[in-house]
Amino acid sequence: MSKVCLVTGGSRGIGAAVCRLAARDGYDVAIVWRKEEARARAVLGQVEAAGRRGITLQADICDERQVEAMFDRTEQELGAVDALVSNGGIIHEAGPLADLDVAVIRRVVETDLVAHLICNREAVRRMSTRRGWAKGGKGGVIVNISSRASELFGAGGFVPYAAAKGGIDVLTIGLGREAGPDGVRVAGLRPGLIDTDMQNDTGIADRIAKGGPTVPIGRAGTPEEVAEAVVWLLSDKARYVTGTVFDVAGGR
């Protein structure tokens with residue numbers, strides 16, 4: 001029987017690479033997007049080209065009801081969710097905390113932390129093998145995408161972003177311990193400097209070209225390199241891995 005993977009932020013960057021590699025490894029894929037429908041449909045085409053089923057879902061993952069609806073529709077069209085990759089996120093333009101508007105801070109924390117809490121909560125409710133509301137779930141896996149920024153503490157103008165990502169690390173470790181008896185594994189990844197178009201949102205010109213050579217391995221990473229780690233965590237090869245966060249950061 002096919003397994004089902006739901007990926008938030010699946011229309012671009014790391015999320016899109018996860019969708020492609022999950023399909024390669026035999027998952028049917030629900031691709032969650034917020035703004036970029038055309039890109040989500042392109043990823044769907046790649047999932048289908050790999051011989052797997054897929055759907056695209058527009059959702060604001062900060063909204064509890066929309067999160068519930070995206071799980072509902074995935075269950076209706078693909079089947080119960082076996083794996084959640086909680087990847088959706090944003091970044092703010094670099095700058096000292098003292099210069100940032102509170103609205104920007106709130107938007108970053110809502111999207112980069114609160115939304116992950118909501119999605120993780122809903123996943124455990126659906127996957128749990130023991131809780132009443134799950135009605136006998138079959139267990140599952142959650143992989144949360146954090147950032148190396150959480151351990152670099154936002155140095156370079158990204159304190160709110162790093163603070164939110166630090167919260168994801170706590171979520172991952174805490175929920176991994178809490179949800180083990182529910183048959184749910186929870187693990188996380190901290191990507192470093194990754195060559196995605198989200199880098200354009202930092203306001204730092206040529207960030208990859210400038211920053212890549214400063215990474216110990218000598219370059220920025222690719223979305224596919226992060227995605228390979230994600231699909232390993234989803235697999236039975238990682239069946240004894242939970243409540244932990246790994247760096248995919250080239251030594252940074």
TODO: Check the stretch 104-119 and report whether any residue there is charged (D, E, K, R), buried (at least 21 other Cβ atoms within 10 Å of the Cβ) and under 21 Å from GLY174 (Cα atoms).
DONE: yes
Task: Residues of the stretch 137-158 classified as over 13 Å from ARG190 (Cα atoms) and modelled with pLDDT of 95 or more, total - done: 4
- [ ] Hey, can you tell me all the residues within the stretch 90-136 that are farther than 24 Å from GLY10 by Cα, modelled with pLDDT of 95 or more and of a type in the set (Val, Ile, Thr)?
- [x] VAL102
Task: Residue among ALA162, ALA155, ALA187 that alone is touching a Phe, Trp or Tyr at 6+ places or on another chain (Cβ under 9 Å), of a type outside the set (D, E, K, R) and without any contact (Cβ under 8 Å) to a residue 40 or more places away in the chain - done: ALA162
- [ ] Filter the stretch 214-239 down to the residues that are among the charged types (D, E, K, R) and part of a loop (DSSP other than H, G, I, E, B), then identify the one that is surrounded by the most Cβ atoms within 10 Å (Cβ to Cβ).
- [x] ARG219
Open item on the list: Just the residues that are assigned to a loop (DSSP other than H, G, I, E, B) and out of contact with any Lys or Arg (no Cβ under 7 Å at 6 or more places or on another chain), please, taken from the stretch 60-89.
Closed with: ILE61, CYS62, ASP63, GLY79, ASN87, GLY88, GLY89
Task: Top-ranked residue of the stretch 25-46 - restricted to ones that are of a type in the set (D, E, K, R) and touching a residue at least 40 places away in the same chain (Cβ under 8 Å), ranked as nearest to ILE61 (Cα to Cα) - done: ARG34
- [ ] From (1) more than 15 Å from the chain's Cα centre (by Cα); (2) small (Gly, Ala, Ser); (3) buried (at least 23 other Cβ atoms within 10 Å of the Cβ), pick out the condition that doesn't hold for ALA80.
- [x] (3)
Open item on the list: I'd like to check something: does the stretch 179-190 contain any residue that is modelled with pLDDT of 95 or more, buried (at least 17 other Cβ atoms within 10 Å of the Cβ), of a type in the set (A, V, I, L, M, F, W, C) and in a helix (DSSP H, G or I)?
Closed with: yes
- [ ] Taking only the stretch 90-114 into account, find how many residues are part of a helix (DSSP H, G or I) and without any contact (Cβ under 8 Å) to a residue 60 or more places away in the chain.
- [x] 15
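Sort out which residues of the stretch 35-56 are acidic (Asp, Glu) and either at pLDDT 95 or above or assigned to a helix (DSSP H, G or I) (or both), and write them in order of number.
Residues of the stretch 35-56 acidic (Asp, Glu): 36-37, 48.
Result: GLU37, GLU48.
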Task: Filter result for ARG73 (surrounded by fewer than 19 Cβ atoms within 10 Å (Cβ to Cβ), of a type in the set (Lys, Arg) and under 17 Å from ALA123 (Cβ atoms)) - done: yes
- [ ] Restrict the check to the stretch 135-144 and report whether at least one residue is under 20 Å from the mean Cα position of the chain (by Cα), assigned to a loop (DSSP other than H, G, I, E, B) and in contact (Cβ under 8 Å) with a residue 60 or more places away in the chain.
- [x] no
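In this structure, does GLY211 turn out to be free of Cβ contacts under 8 Å to residues at least 60 places away in the same chain and part of a loop (DSSP other than H, G, I, E, B)?
Here the answer is no, as GLY211 does not meet what is asked.
When only residues in the stretch 83-92 that are out of contact with any Leu (no Cβ under 6 Å at 6 or more places or on another chain) and not hydroxyl-bearing (Ser, Thr, Tyr) count, which is surrounded by the most Cβ atoms within 10 Å (Cβ to Cβ)?
VAL85
The values are calculated or read from the model by the stated rules, or taken from the named source; none is laboratory data. All values reported here derive from a predicted model rather than from experimental measurement. When we count neighbours, we look across all protein chains shown, and the Cβ atoms used for this are built from the backbone with ideal geometry, even at glycine.
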